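To keep things clear, I will list the structure first and then write my remarks on it.
The values are calculated or read from the model by the stated rules, or taken from the named source; none is laboratory data. What you see is a predicted model; the values in this text were computed from it and never measured. Please note: Cβ atoms are built from the backbone with ideal geometry, for glycine as well, and neighbour counts cover all protein chains shown.
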Amino acid sequence: MPYFARRILDIGAGHNPFKGVTHVLDMDIKEGRERGGNRIVVPTTARLIQGEAAALPFRLASFDYVYASHVLEHLDEPDRACREIMRVATAGYIETPSPFLEQGLALNDETPPAQWYHKWFVFAPRQNLLVFEPKTREEVSRFCSCANGRFLQDFYATVDFPDAQHCFPRKAKTTIFYWNSSFEVEVRDRTVDCRKEGRPCRFSGMKAALLGSCNDIFRPHRLMRLRKRYPQCLAVFRRYGHRTLFV
């Protein structure tokens, strides 16, 4: 709970609203298609409003704080939603699945991309910038030509990621973004290659998430399981000169 925040909006909270919110907004109040069919839970102290993140039905600066957790990756126009969030609030918290998780799960997913609920890779290359790159079949298979991109591509090739993902902590599988006053938004039409375009790619953060997980002293049993089940990934780490505690 942010200090001194009195009016707090949770966008798309569904069945798991943040504690202390005063307003809950959801587009799909009845069916719950994108929340596993679960019914919406509204705290007794909160008000439920039906609406869309890209056109919030609130006045300028109506809220002290806005939560938008696992919402923006679903939207056709996440930049519009981000502008709306900044319009109605002075600070907030945004959370999405990380590109490390999204790309790993999608690489061998045989589900038609048209049925994917998540439409974007979302990452923050710096503190005040949130970037969206399209999660299409073509872009899922695309890797930056930099060393980070090649490292991730080779790593994914050595593991069954839907199984291996359970060896990694939540922080590696989520993009967490705090903002105050405002932030920048960039929606790209493709995967950026940092070596060719001079702009940050998503693979730097993905490498950091992977290496950070493999140095986590609080999860040695899961990392040892990764090492035991997928010993071939050790060669990938060595090839790129990455030394970690457990892999």
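Observations
- Failed item in (1) without any contact (Cβ under 8 Å) to a residue 40 or more places away in the chain; (2) over 27 Å from His74 (Cβ atoms); (3) assigned to a loop (DSSP other than H, G, I, E, B); (4) not small (Gly, Ala, Ser), with His242 passing the rest: (1)
- The set of residues from segment 77-96 being of a type in the set (D, E, K, R) and in a helix (DSSP H, G or I) comprises Asp79, Arg80, Arg83, Glu84, Arg87.
- Sole residue being at pLDDT 95 or above, touching a Leu at 6+ places or on another chain (Cβ under 7 Å) and surrounded by 17 or more Cβ atoms within 10 Å (Cβ to Cβ), chosen from Cys167, Cys201: Cys167
- Across segment 118-154, the number of residues qualifying as within 18 Å of Cys194 (Cβ to Cβ) and either touching a residue at least 60 places away in the same chain (Cβ under 8 Å) or acidic (Asp, Glu) (or both) comes to 14.
Per-residue answers, yes or no, for (1) polar (S, T, N, Q); (2) under 18 Å from the mean Cα position of the chain (by Cα); (3) surrounded by fewer than 19 Cβ atoms within 10 Å (Cβ to Cβ):
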position: Thr45; (1), (2), (3): yes, no, yes
position: Pro57; (1), (2), (3): no, no, yes
position: Ser62; (1), (2), (3): yes, no, yes
position: His74; (1), (2), (3): no, yes, yes
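- Complete set of residues in segment 202-239 that are without any contact (Cβ under 8 Å) to a residue 40 or more places away in the chain, part of a helix (DSSP H, G or I) and more than 25 Å from Cys144 (Cα to Cα): Pro220, His221, Met224, Arg227, Lys228
- Taken over segment 1-41, the criterion of being of a type in the set (Lys, Arg) and at pLDDT 75 or above is satisfied by Arg6, Arg7, Lys19, Arg39.
- Only listed residue being at pLDDT 95 or above and out of contact with any Leu (no Cβ under 6 Å at 6 or more places or on another chain), chosen from Tyr65, Tyr117: Tyr65
- If you go through segment 123-138 and pick out every residue that is among the charged types (D, E, K, R) and either under 11 Å from Thr175 (Cα atoms) or buried (at least 16 other Cβ atoms within 10 Å of the Cβ) (or both), you end up with 2.
- Some residue of segment 221-236 being surrounded by 19 or more Cβ atoms within 10 Å (Cβ to Cβ) and among the charged types (D, E, K, R): no
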